Amino acid sequence: MENKKTIEAIVDFIVTAEKSIKNAKKLLKDLADSNDVDLKSEVDLSTKWLETYTNQESKIIEWVFTGAEMLWSDWNKYPVPANYASKSKMVQWDRLKLTIDKKGKMMYKQIAPIEREIKTWLVVKEKDKYQVIADGKTYDLLTAAVTHFKANIWDKISIIVPAWKTATFAAIEAVI
């Protein structure tokens, strides 16, 4: 009976903590929005719906693309090949699937692209980072994408960004 009460108390603590975190995130987002402050994208990124599962031959993990890495439901970030992200025109917030076969081969696939919009502006370089400024917002670009599309500083490019989410990274659509 004592263990049952302890378990119930722990469950109550967890439920209360989850509600507090959810409320704190909402208050923080509202406050940041009303003060025109751009929060890092991870603050309001929910990963609860991501899954890990196995079939007879592979382990499959679902992720969210952060612009340079993959974010798993445990909030750990893992590398994604920059050349794959560049060539696939992956956009921050896209949902991905990583399949790891028994031999350790890794295969990445976009499974739920976020709604996108296209913007146009010039490539710049600030402190060894390629960037583009469009509509008053600065977006980082993957160096692999700049190389893949053979873009140079001051080239006019079209970029792909999430249509309804704040982003810090952009994918290159084309050099114009």
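Answer yes or no: is there a residue in the range 159-168 that is in a loop (DSSP other than H, G, I, E, B), polar (S, T, N, Q), under 30 Å from E57 (Cα atoms) and under 19 Å from the mean Cα position of the chain (by Cα).
Let us first name the residues in the range 159-168 that are in a loop (DSSP other than H, G, I, E, B), namely 163-168.
Keeping just the survivors that are polar (S, T, N, Q) gives 166, 168.
When the remaining residues are screened for being under 30 Å from E57 (Cα atoms), the result is none.
No, because not a single residue in the range 159-168 is in a loop (DSSP other than H, G, I, E, B), polar (S, T, N, Q), under 30 Å from E57 (Cα atoms) and under 19 Å from the mean Cα position of the chain (by Cα).
Hey, could you check the range 57-94 for residues that are assigned to a loop (DSSP other than H, G, I, E, B), at pLDDT 85 or above and hydroxyl-bearing (S, T, Y) and say which is surrounded by the most Cβ atoms within 10 Å (Cβ to Cβ)?
Looking at the filtered set, the residue picked out is T66.
I'd like to check something: does the range 147-158 contain any residue that is of a type in the set (D, E, K, R), on the phi < 0 side of the Ramachandran plot and part of a loop (DSSP other than H, G, I, E, B)? Give the steps one after another, and end with the answer.
Taking the range 147-158 as the starting set, the residues that turn out to be of a type in the set (D, E, K, R) are 150, 155-156.
Now narrow it down to the ones that are on the phi < 0 side of the Ramachandran plot: 155-156.
Now drop any that are not part of a loop (DSSP other than H, G, I, E, B), which leaves 155.
Within the range 147-158 (the criterion being of a type in the set (D, E, K, R), on the phi < 0 side of the Ramachandran plot and part of a loop (DSSP other than H, G, I, E, B)), the answer is yes, since at least one residue qualifies.
Looking only at the range 107-145, which residues are out of contact with any helix residue (DSSP H, G or I) (no Cβ under 7 Å at 6 or more places or on another chain), under 30 Å from I60 (Cα atoms) and free of Cβ contacts under 8 Å to residues at least 60 places away in the same chain?
Passing the criteria: M107, K109, Q110, I111, A112, P113, I114, E115, R116, E117, L141.
Please go through the range 148-164 and pick out each residue that is farther than 14 Å from S88 by Cα and in contact (Cβ under 8 Å) with a residue 40 or more places away in the chain. Give the steps one after another, and end with the answer.
Initially, the range 148-164 is screened for residues farther than 14 Å from S88 by Cα, giving 150-158, 162-164.
Within the range 148-164, S158, P162, A163, W164 meet the criteria.
Just give me the residues in the range 75-106 being in contact (Cβ under 8 Å) with a residue 40 or more places away in the chain and farther than 18 Å from I160 by Cα, in sequence order.
Residues satisfying the conditions are T99, I100, D101, K102.
Against the conditions (1) in contact with a Gly (Cβ under 9 Å, 6 or more places away or on another chain); (2) farther than 15 Å from A82 by Cα, where does V161 fall short? Just the number, please.
With (1) in contact with a Gly (Cβ under 9 Å, 6 or more places away or on another chain); (2) farther than 15 Å from A82 by Cα applied to V161, the lone miss is (1).
For the range 106-139, which positions are in a loop (DSSP other than H, G, I, E, B) and more than 19 Å from L96 (Cα to Cα)? Spell out the reasoning first.
Taking the range 106-139 first, the residues in a loop (DSSP other than H, G, I, E, B) are 113-115, 127-128, 135-136.
Residues satisfying the conditions are K127, D128, D135, G136.
The values are calculated or read from the model by the stated rules, or taken from the named source; none is laboratory data. The structure displayed is predicted, hence computed values, not measured ones. All Cβ positions, glycine included, derive from the backbone under ideal geometry; neighbour counts span all protein chains shown.
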